[in-house]
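Below is one structure; the comments refer to it alone.
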Amino acid sequence: MKKLLAILLVMLFILPAGALADDTKTLDMFWFTDGVETESMKGLIAEYEAITPGVKINLIEVPFEDMSKKIMMSVSGGEPPALVRTTEGITSNCADAYVDLRDYIPNIDDVLAEFLPSIQTYFVQNGKVCALPTDVTANGLIVNLTAFEKAGIQVPTSPENIWTWDEFVEDLRIVMEKGDVQYGLVIDNPTHRWSTMLYEFGGRLVSPEGPAFNSPESIAAINLTKQLFDEGIIPKSTWLGGEDPNNLFRSGTVAAHMSGNWMLTNYNENIKDFEWGVTYMPIQKNRSSVPGGKQMAVCAGTGVEQEAADFVRWVTCTEANRKYCEESLFISPRLDNAELNYPFGSEFFAVFANELANTVDAAAFDWGFPGLAAAIGTELTNGMYEVVAGDRTAEDLVEAVDELSAPLFN
């Protein structure tokens, strides 16, 4: 016994202070990955741990499709993570699991003012600040510059000189005739990406008062879309068949692609036979994009809520967010990071950021509205296919979609 006591006393003198009583707080972070951003986040975590003694962040990768379920199972099991990476859908699905950051971040309204106002409904729900944004996506217009140049058409280069939809359609006809392309335009899908047109025409899916798709503006946007397919400006095979819009644009047979900033890396790596770029979406009643993106939320009931909120505030501040977005090729949600220095195409990302800065509130309101996508998504998708095929009218579709969204307001 005396020998054991002597050994313990020696250890007390040899070991560093605090080695026998580690008070480090570990913050588990549920994380899904889209690509290279995981390595960037790991770098930021290491940087934060170095400047914040006593805090360790444990990044746990979870498949995106399992995230909502994993969060709620952890909460119901009494072991919620401290931090979770979210989207607007995960935020709304699991809103009850998160703390209100108003209780943990001082001057939260000033903090919210640092971010694009068009995305606020994605993470502020009924006044509760469920999360803060780390990155944002935007719908926009990618163009085959070689085709437009061959046709003698000048692509808009500034927000002060952009197409109206009538001008854009007329120029697409000219490019199809003279620009050595088969089609004028492809649109990724008839819901999220197509809805950019909806908002530009002044339409929307719902309003704070209730269903709102049934309007002259919505019907006009749908009918123009059908006209573009009927004229062969958009190939029907992309919506009514299995043809991939991305592959068609890469092949050089399409003048313009309505897609999102996430396509820039793909096109930068794979298009070698023609020059391409990004220009501004046409205007009708409004300019608009449709924002998406990711956020960071703090779960309740962990005992480390303040430490987690401190990290969320730090990682979404100007410098940390700048590093994260530049390394990950993301658009920043911060107003002061609208122009970043990317490894390529900084001017392209700047156009997408400008589209977000001019996006109508209805876009984020619709796509962040709890339960809306699940309630109307199938009907909107199939209905647009039927309209394009000539089997349904725009008037019938808007009425049907409004009927499906109505129960969300009861």
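The values are calculated or read from the model by the stated rules, or taken from the named source; none is laboratory data. Note that this is a predicted model, so its numbers are computed, not measured. All Cβ positions, glycine included, derive from the backbone under ideal geometry; neighbour counts span all protein chains shown.
Picking from residues in the range 93-118 that are acidic (Asp, Glu) and closer than 18 Å to Gly301 by Cα, the one that is surrounded by the fewest Cβ atoms within 10 Å (Cβ to Cβ) is Asp96. Among the residues of the range 58-83, the ones that are touching a Ser or Thr at 6+ places or on another chain (Cβ under 9 Å) and β-branched (Val, Ile, Thr) come to 1 in all. Considering the range 354-371, the residues that are over 19 Å from Glu200 (Cβ atoms) and surrounded by fewer than 19 Cβ atoms within 10 Å (Cβ to Cβ) include one that is modelled with the lowest pLDDT, namely Pro370.
Considering only residues in the range 237-260 that are of a type in the set (Gly, Ala, Ser) and within 24 Å of the chain's Cα centre (by Cα), the one that is nearest to Arg193 (Cα to Cα) turns out to be Ser259.
Listed here are the residues, each with its yes/no results for (1) at pLDDT 95 or above; (2) closer than 18 Å to Val312 by Cα; (3) among the acidic types (Asp, Glu); (4) assigned by TED's automatic domain parsing to the domain that holds Cys299.
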site: Thr33; (1), (2), (3), (4): no, yes, no, yes
site: Val55; (1), (2), (3), (4): yes, yes, no, yes
site: Val62; (1), (2), (3), (4): yes, no, no, yes
site: Glu65; (1), (2), (3), (4): no, no, yes, yes
site: Ala82; (1), (2), (3), (4): yes, yes, no, yes
site: Asn93; (1), (2), (3), (4): no, no, no, yes
site: Val99; (1), (2), (3), (4): yes, yes, no, yes
site: Arg102; (1), (2), (3), (4): yes, yes, no, yes
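The single residue among Glu386, Glu379, Glu327, Glu403 that is in the same structural domain as Val206 (by TED's automatic domain parsing), outside any loop (DSSP other than H, G, I, E, B) and touching a residue at least 60 places away in the same chain (Cβ under 8 Å) turns out to be Glu403. Checking each residue in the range 129-184 for being of a type in the set (A, V, I, L, M), without any contact (Cβ under 8 Å) to a residue 60 or more places away in the chain and in a helix (DSSP H, G or I) picks out only Ile174. Ile376 meets the conditions (1) buried (at least 23 other Cβ atoms within 10 Å of the Cβ); (2) within 17 Å of Ala113 (Cα to Cα) in every case but one. The failed one is (2).
Scanning the range 339-369 for residues that are part of a helix (DSSP H, G or I) and either over 25 Å from Asn144 (Cβ atoms) or in contact with a Pro (Cβ under 7 Å, 6 or more places away or on another chain) (or both) yields Asn354, Leu356, Ala357, Asp361, Ala362, Ala363, Ala364, Phe365, Asp366, Trp367. For the range 374-392, the count of residues that are farther than 28 Å from Leu224 by Cβ and of a type outside the set (A, V, I, L, M) is zero.
Within the range 277-293, the residues that satisfy the criterion of being touching a Ser or Thr at 6+ places or on another chain (Cβ under 9 Å), of a type outside the set (S, T, N, Q) and either part of a loop (DSSP other than H, G, I, E, B) or surrounded by fewer than 23 Cβ atoms within 10 Å (Cβ to Cβ) (or both) are Tyr280, Met281, Pro282, Ile283, Arg287, Val290, Gly292, Gly293. Taking the criterion of being hydroxyl-bearing (Ser, Thr, Tyr), farther than 28 Å from Glu395 by Cβ and either part of a helix (DSSP H, G or I) or in contact with a Phe, Trp or Tyr (Cβ under 8 Å, 6 or more places away or on another chain) (or both), the only residue of the range 206-258 that qualifies is Thr253. Among residues that are under 30 Å from Pro343 (Cα atoms), out of contact with any strand residue (DSSP E or B) (no Cβ under 7 Å at 6 or more places or on another chain), among the small types (Gly, Ala, Ser) and part of a helix (DSSP H, G or I), Ser40 is included. If the condition is being loosely packed, with under 13 Cβ neighbours inside 10 Å and assigned to a loop (DSSP other than H, G, I, E, B), then the range 51-92 contributes Pro53, Gly54, Pro63, Gly77, Gly78, Glu79.
Evaluated against (1) touching a strand residue (DSSP E or B) at 6+ places or on another chain (Cβ under 9 Å); (2) within 27 Å of Asn354 (Cα to Cα), Glu231 falls short on exactly one condition, (2).
Scan the range 312-330 and give yes if some residue there is in contact with a Ser or Thr (Cβ under 6 Å, 6 or more places away or on another chain), farther than 28 Å from Gly78 by Cβ and of a type in the set (Gly, Ala, Ser), otherwise no. Within the range 312-330 (the criterion being in contact with a Ser or Thr (Cβ under 6 Å, 6 or more places away or on another chain), farther than 28 Å from Gly78 by Cβ and of a type in the set (Gly, Ala, Ser)), the answer is yes, since at least one residue qualifies.
Among the residues of the range 111-128, those identified as more than 30 Å from Leu185 (Cβ to Cβ) and not in a loop (DSSP other than H, G, I, E, B) are Val111, Leu112, Phe115, Gln120, Val124, Gln125, Lys128. When each of Glu217, Glu243, Glu231, Glu209 is tested for being surrounded by fewer than 22 Cβ atoms within 10 Å (Cβ to Cβ) and either touching a Leu at 6+ places or on another chain (Cβ under 7 Å) or closer than 23 Å to Asn268 by Cα (or both), the lone residue that passes is Glu243. Within the range 309-324, being assigned to a helix (DSSP H, G or I) and free of Cβ contacts under 8 Å to residues at least 12 places away in the same chain holds for one residue alone: Glu319. Taken together, Val75, Val124 contain a single residue that is out of contact with any Gly (no Cβ under 8 Å at 6 or more places or on another chain) and either assigned by TED's automatic domain parsing to the domain that holds Val312 or at pLDDT 95 or above (or both), which is Val124.
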